[in-house]
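Colleague: Here it is, the structure in full.
The values are calculated or read from the model by the stated rules, or taken from the named source; none is laboratory data. Note that the structure is predicted; figures quoted are calculated from it, not measured. FYI the Cβ positions are ideal-geometry reconstructions off the backbone, even for glycines, and counts take in every protein chain you see. We work out accessible area using only protein heavy atoms, side chains counted, and drop any ligands, DNA or RNA first. Shrake-Rupley method; radii C 1.70, N 1.55, O 1.52, S 1.80 Å.
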Amino acid sequence: MITVPVRHVAPATPRTRVISLDFSAKAFVFSAGQAVMLGLHDSLLRKPYSIASAPWEFQTTGHLQVLAQVDDTGGPDPHLELAGPGTLLDLDGPFGSFGLPDETRDGLLFVAGGTGIAPLRSMLIERLSRPVNIPISLVYSARSPEEFAFRPEPDALRAAGRVDAHFTVTRDQESRWTGRRGRIDASLLREALPSTKSCCLICGPPQLVADTLQLLRTLGVGDHQILTERYG
């Protein structure tokens, strides 16, 4: 177990917060896609959180980011309700085998639902730091336009021609969103998929993961090319 202070807490969406942990005085090694168990110092309650930081970012800054969901009243997750700058948190880990595959030139497809963007963000930013460029696509599904965490980053990467980013809103029919609506379907995946030989990484609620897995199979993607992580 490692005890570290909270450096900063910032809103990511109306229902999530980015909690930045200060590891400047601690040694810590992890791979993109892994998670940690996190709770208030000396509390018996721990919950898993995927690491949103890329390893190279952490090595540069000493700060580790996780994406924490809050309840519908706007309050933080109860076991982190007192978390703020300076709050001590206990951390176990890292753990998990969800991560980037061995080097491939056939491209990567990241598919995220809600807070499932956190480990995919870690892997995406880590992969972009490597010298060999490959086709990379992101498909991100959220309930409303306001619930796309880290949205400025894929927008900037798309504008720079580095990532083919696709967003779809599943519930908020009253918003002024002019982009794609509805659940992730075969046509969206076909549009985003760099190649049927690409490695596909999916993270989100169990139903989104199961549905996306089946859709990719129908598009000709082999099971050995698909890695998944479920939450909730």
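Colleague: Every residue in segment 222-232 that is in contact with a Leu (Cβ under 7 Å, 6 or more places away or on another chain) and either hydroxyl-bearing (S, T, Y) or part of a loop (DSSP other than H, G, I, E, B) (or both), please. Spell out the reasoning first.
Modeller: Looking only at segment 222-232, we keep the residues that are in contact with a Leu (Cβ under 7 Å, 6 or more places away or on another chain), and these are 226-228.
Within segment 222-232, T228 is the sole residue that qualifies.
Colleague: Tally the residues that are more than 15 Å from the chain's Cα centre (by Cα) and of a type in the set (A, V, I, L, M), restricting the search to segment 193-227.
Modeller: Counting residues in segment 193-227 that are more than 15 Å from the chain's Cα centre (by Cα) and of a type in the set (A, V, I, L, M) gives 8.
Colleague: Out of curiosity, is T87 in contact with a strand residue (DSSP E or B) (Cβ under 8 Å, 6 or more places away or on another chain), of a type in the set (S, T, N, Q) and open to solvent by less than 20 Å² (accessible area, probe 1.4 Å)?
Modeller: Details: in contact with a strand residue (DSSP E or B) (Cβ under 8 Å, 6 or more places away or on another chain): yes; of a type in the set (S, T, N, Q): yes; open to solvent by less than 20 Å² (accessible area, probe 1.4 Å): no.
Criteria not met by T87.
Table: residues versus (1) in a helix (DSSP H, G or I); (2) open to solvent by less than 20 Å² (accessible area, probe 1.4 Å); (3) touching a Phe, Trp or Tyr at 6+ places or on another chain (Cβ under 6 Å); (4) not small (G, A, S).
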{"residue": "P131", "(1), (2), (3), (4)": "no, no, no, yes"}
{"residue": "S141", "(1), (2), (3), (4)": "no, yes, no, no"}
{"residue": "E146", "(1), (2), (3), (4)": "yes, no, no, yes"}
{"residue": "T168", "(1), (2), (3), (4)": "no, yes, no, yes"}
{"residue": "D172", "(1), (2), (3), (4)": "no, no, no, yes"}
{"residue": "S175", "(1), (2), (3), (4)": "no, no, no, no"}
{"residue": "C200", "(1), (2), (3), (4)": "no, yes, no, yes"}
{"residue": "L215", "(1), (2), (3), (4)": "yes, no, no, yes"}
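Colleague: Name the residue that is farthest from H63 (Cα to Cα), counting only residues in segment 1-43 that are small (G, A, S) and out of contact with any Gly (no Cβ under 7 Å at 6 or more places or on another chain). First the steps, then the outcome.
Modeller: If we filter segment 1-43 for residues that are small (G, A, S), which is where we start, we get 10, 12, 20, 24-25, 27, 31-33, 35, 39, 43.
This time we only want the ones that are out of contact with any Gly (no Cβ under 7 Å at 6 or more places or on another chain), so: 10, 12, 20, 25, 27, 39, 43.
Details: A10: 14, A12: 17, S20: 6, A25: 10, A27: 11, G39: 17, S43: 22 Å.
My answer is S43.
Colleague: For D106, state whether it is under 29 Å from L193 (Cβ atoms), open to solvent by less than 70 Å² (accessible area, probe 1.4 Å), modelled with pLDDT of 90 or more and charged (D, E, K, R). Working first, answer last.
Modeller: Numbers: under 29 Å from L193 (Cβ atoms): yes; open to solvent by less than 70 Å² (accessible area, probe 1.4 Å): yes; modelled with pLDDT of 90 or more: yes; charged (D, E, K, R): yes.
Against the criterion (under 29 Å from L193 (Cβ atoms), open to solvent by less than 70 Å² (accessible area, probe 1.4 Å), modelled with pLDDT of 90 or more and charged (D, E, K, R)), D106 qualifies.
Colleague: Among the strands (runs of 3 or more DSSP E) contained in segment 4-103, which hold 3 or more residues that are among the β-branched types (V, I, T)? Lay out the reasoning, then the answer.
Modeller: Values: elements: 16-22, 35-40, 47-50, 63-69, 88-95.
Where strands (runs of 3 or more DSSP E) fall fully within segment 4-103 and carry at least 3 residues being among the β-branched types (V, I, T), they are 16-22.
Colleague: From (1) crowded, with 16+ Cβ neighbours inside 10 Å; (2) charged (D, E, K, R); (3) in contact with a helix residue (DSSP H, G or I) (Cβ under 9 Å, 6 or more places away or on another chain), pick out the condition that doesn't hold for R127.
Modeller: (3)
Colleague: What are the pairs, 6+ residues apart or on separate chains, where a residue within segment 37-54 that is among the polar types (S, T, N, Q) has its Cβ under 6 Å from a residue that is open to solvent by 50 Å² or more (accessible area, probe 1.4 Å)?
Modeller: Going by the 6 Å Cβ cut-off, the qualifying pairs are S53/Q65.
Colleague: For segment 41-66: of the residues being of a type in the set (A, V, I, L, M) and at pLDDT below 95, which is most open to solvent (accessible area, probe 1.4 Å)?
Modeller: Of the residues in segment 41-66, the ones of a type in the set (A, V, I, L, M) are 44-45, 51-52, 54, 64, 66.
Then drop every residue that is not at pLDDT below 95, which leaves 44-45.
Numbers: L44: 175, L45: 89 Å².
Per the criteria, the residue is L44.
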